[in-house]
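The values are calculated or read from the model by the stated rules, or taken from the named source; none is laboratory data. If you're wondering where the values come from, they're calculated on a predicted model, not measured in any experiment. Neighbour counts run over all protein chains shown; Cβ positions are idealised from the backbone, glycine included. Ligands, DNA and RNA are stripped out before the accessible areas are found, and what is left, the full protein with its side chains, is counted by its heavy atoms. Shrake-Rupley method; radii C 1.70, N 1.55, O 1.52, S 1.80 Å.
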Amino acid sequence: MAVCARLCGVGPARGCRRRQQRRGLAETAAADSEPDTDPEEERIEAGAVAPVGVGGGPGAGPSPPPPRCSLLELPPELLVEIFASLPGTDLPSLAQVCSKFRRILHTDTIWRRRCREEYGVCENLRKLEVTGVSCRDVYAKRINPRVKSGRFMRILPDYEHMAYRDVYTCLLHRYRHILGLWQPDIGPYGGLLNVVVDGLFIIGWMYLPPHDPHVDDPMRFKPLFRIHLMERKSATVECMYGHKGPHNGHIQIVKRDEFSTKCNQTDHHRMSGGRQEEFRTWLREEWGRTLEDIFHEHMQELILMKFIYTSQYDNCLTYRRIYLPPSHPSDLIRPGLFKGTYGSHGLEIVMLSFHGHRARGTKITGDPNIPAGQQTVEIDLRRRIQLPDVENLQNFNELSRIVLEVREQVRQEQQQEAGEGPALPPEQPARGPGGAPAGDSREPGAGAAVDEQSAESRKGQPFVLPMGVSSRNEDYPRTCRMCFYGTGLIAGHGFTSPERTPGVFILFDEDRFGFIWLELKSFSLYSRVQATFRNADAPSPQAFDEMLKNIQSLTS
């Protein structure tokens, strides 16, 4: 500590340097003779200064010590650059060193750089009116189009007298633990919340799939809450739910990976026309249509049930952190979030992740049959299926025969591993028409055949849905790269009697894949969510696996 203090030009107490200058020469020499350095440091210094004699030879007196350099002797503008490069969490400790450091750390340039580098804040507090920052444009138009400019200006924060240090310490650093991706606890429906720093606000955006069945359309999003500084050193939480503008809310950070929000003015959520007007408005926003446009009676029941259920959570919600899946060079495609079609339930969000020889699709949003958090599909990447030609592929029975052969192989191998059956010969791939193998050959010397299949997969092969297989979206790709055997999870209403049924995983390209549910005679098309998420990477593969277990256990 004494070494560090002497390097900075200060002693163990405030103002000790000035007191030392007022001492006499003898008192100063005595103070310098105190053992305030590390013995290892003294040994290194003694070795570095070797005695020399007259004319440079040995035996002469010791050379004068080199002049000491103090950080306090550096110009203030250089100290500002040095301090601005340090993490913001270290600056409060640096301010305790001396009064000069404390004065320099009040420079707003330092905190502006920390806000920009650590949280991506690029706005200028002093030029908001000139730069047209998102405070008026984004929050008056994108968040709530019904709010007029004059009315909105009355609730803008007082940025004229605000400092970046307040933005960093009272807003960004204080609420840093809620940044990232979260899954709200809304029963079986779940959801995807992305908490980001947007301008000089922290906003919780709820990501919604596009309207059914347009799976390739971009995601929709709406704000649930926002946090900002209305006054210096005072962060304000506002609920954005409803159609009457932002109103008073509250956020409680339960633990590092869980927090909750509460609305203190739920009357802002109600509409003058009562529940009927609220339902019609919700239906247009959620499905992009009216109830009269939905002719399927079962679908009408599912929509009404979702509205009644989710309306109970408009005043208080709990969120649990989720991570994006880690990627590896050996992955079939880049893992991530996808939008998928699920019949009468509409579009849902699925997370595709790879685990060795298997790939899994976990629901981030769900439905009363298969709730959020469950593994909707599982793919065995060791069992590739070679689809028949287009003419034979249109025959559902032919595809069913190929898939059931693979399922029988899987069942026999499971029995063999459990010691319930006789030893089986090496794995035989399922065969398509004419005896062609439907899966990858595992026999020695088959490397050339595998390479040939890989080359063919890059070119793509024609694909068409078999007759009798229903699809919400008829605009699916007509070529695919490769197919694998997989299983899909089906269940009754309320997640009753869940079971895994065989199916086919079809890889179309880097951003789209499909799954044929054999028992349901249904096809689901999945398209990648084209969005960039910050603060969403898992700290380790073990943390990601633990997260999957946690969200699955909540709905089991």
Just the Cα atoms of the stretch 228-323, one point each, no solvent: what log10 I(q)/I(0) does Debye give at q = 0.22 Å⁻¹? -1.15
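Based on the Cα coordinates of the stretch 330-417, what is the per residue volume of their convex hull in Å³? Working shown, then result.
Numbers: hull volume 13.3 nm³, N = 88.
Cα-based convex hull of the stretch 330-417, divided per residue, equals 151 Å³.
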Coil-residue chymotrypsin sites (Phe, Trp or Tyr not before Pro) of the stretch 243-334, DSSP, other Cβ within 10 Å capped at 13: Phe295
Which entries of Lys233/Lys363; Lys233/Lys255; Lys244/Lys549; Lys233/Lys339; Lys222/Lys255 have Cα-Cα distances beyond 32 Å here? Lys233/Lys363; Lys244/Lys549; Lys233/Lys339
Quick one: 3J(HN,Hα) in Hz for the stretch 290-307, Karplus 6.51/-1.76/1.60 with θ = phi - 60°, rounded, Gly and Pro as x. 9, 5, 5, 6, 9, 8, 6, 5, 5, 5, 4, 5, 5, 5, 5, 5, 5, 4
Which trypsin sites (Lys or Arg not before Pro) from the stretch 204-296 combine a DSSP loop assignment with at most 12 other Cβ atoms within 10 Å? Lys233, Arg256
Counting only protein heavy atoms and rolling a 1.4 Å probe, one gets per residue an accessible area for the stretch 229-272 in Å² of 58
Taking the Cα centre of each part, how many Å lie between the stretch 495-556 and the stretch 299-364? 7
Rounded to the nearest Å, the spacing of the alpha-carbon centers of the stretch 224-245 and the stretch 79-107 is 30
I need the phi-derived Karplus couplings for the stretch 200-209: 6.51 cos²θ - 1.76 cosθ + 1.60, θ = phi - 60°, integer Hz, Gly and Pro marked x. 9, 10, 10, 10, x, 9, 8, 8, 10, x
For Ile385, which sequence-distant residues (separation of 5 or more, or a different chain) have an amide H within less than 5 Å of its own amide H, given hydrogens modelled in the peptide plane? Cys483, Phe484, Tyr485
Which ³J(HN,Hα) values in Hz, rounded to whole numbers, follow from the phi angles of the stretch 465-471 under the Karplus curve 6.51 cos²θ - 1.76 cosθ + 1.60, where θ = phi - 60° and Gly and Pro get x? 6, x, 4, x, 8, 8, 8
Once you place label points 7 Å from the Cα toward the Cβ at His357 and Ser327, how far apart are they in nm? 2.6
Could you work out Rg/(2.2 N^0.38 Å) for the stretch 495-556, with Rg from alpha carbons only? 1.48
Accessible-area order (highest first, 1.4 angstrom probe) of the listed residues Asp509, Asp217: Asp217, Asp509
Would you grab the residues whose amide H sits under 5 Å from the one on Phe225? Only those 5+ places off in sequence or on another chain, please, with H modelled 1.01 Å from N. Gly204, Met240
